[in-house]
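The values are calculated or read from the model by the stated rules, or taken from the named source; none is laboratory data. Keep in mind that this is a model prediction, so the values were computed, not measured. Positions of Cβ are backbone-derived with ideal geometry, glycine not excepted, and every protein chain shown enters the neighbour counts. When the accessible area is computed, the model is the full protein with side chains, heavy atoms only, and any ligands, DNA or RNA have been set aside. Shrake-Rupley method; radii C 1.70, N 1.55, O 1.52, S 1.80 Å.
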Amino acid sequence: EGKVVLGVKRAFGMEVVGSFFSLPQQLTDLVLGLAGQKNAGIEFNALGATIHLRKVLLEDQGGFPAVSIGVGYAYSSLHAAYALPQQSQSFAGYQLLYGGTLDLSGTLNTVGVDLSVSKRLLIFTPFIRIAPWYQWASFSGQMKNFTFDLVGASSVIDPAAPSAEITTNNLSFLISGGVEINLGGFALVPGGSFDLANKNFSANLSSRVQF
């Protein structure tokens, strides 16, 4: 993954780091228009934000590394929809017409604490972090504006629009590490993490503007 992060150092060893990401529907419409698909009936938008507070417990001095503790929260959402063209087929001697908009959405919330150990070596700061994180999420799908019609039939069909919703909760225990490359007011941070609960490994690259 890639993201741009804004970090602000406070007094008393406190640090505040936040990030924000938005993919508005207007941008999706612009891309569809450039591709000649302006009226394709496609919706796609996303939003993400994080905030992280960190307190330095031990300063990086001499041969001793820095030790800090932090707490953070992250929110992300995704929405996608596609207006299906009206379909037609023969059914029991009648012409069946049906259509609608397939609508999918999801939200993810994450909160947790972490303990970090790091040591600055010139412009490089290798670090390791241990963090339990709790996540709760919801995902839903439905057929909006659902139509279902038997042309010529004497009875009227009024079907319920198909829909489904799933909610999940899970606790993860992450071990992560990387190297922060400090370039004055800018930092580049390649790293990776391993989820002990799910046995999953992920790599990431982030950048940070520092004041």
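Check the range 60-75 and report whether any residue there is loosely packed, with under 14 Cβ neighbours inside 10 Å and closer than 21 Å to Met143 by Cβ. Looking through the range 60-75, none of the residues is loosely packed, with under 14 Cβ neighbours inside 10 Å and closer than 21 Å to Met143 by Cβ. Look at the range 113-129: where a residue is charged (D, E, K, R) and a partner is open to solvent by less than 90 Å² (accessible area, probe 1.4 Å) and assigned to a loop (DSSP other than H, G, I, E, B), sitting 6+ places away or on another chain with Cβ atoms under 6 Å, you get Lys119/Pro65; Arg120/Asp60.
Does Ser90 satisfy the criteria of being over 23 Å from the mean Cα position of the chain (by Cα) and closer than 30 Å to Ile51 by Cβ? Here the answer is no, as Ser90 does not meet what is asked. Say we look at the range 84-102 and pick out the residues that are in contact (Cβ under 8 Å) with a residue 60 or more places away in the chain and open to solvent by less than 50 Å² (accessible area, probe 1.4 Å); which of these is farthest from Ser140 (Cα to Cα)? Looking at residues that are in contact (Cβ under 8 Å) with a residue 60 or more places away in the chain and open to solvent by less than 50 Å² (accessible area, probe 1.4 Å), I get Gly100. Of note, Ala131 does not satisfy the criterion of being part of a strand (DSSP E or B) and modelled with pLDDT of 95 or more.
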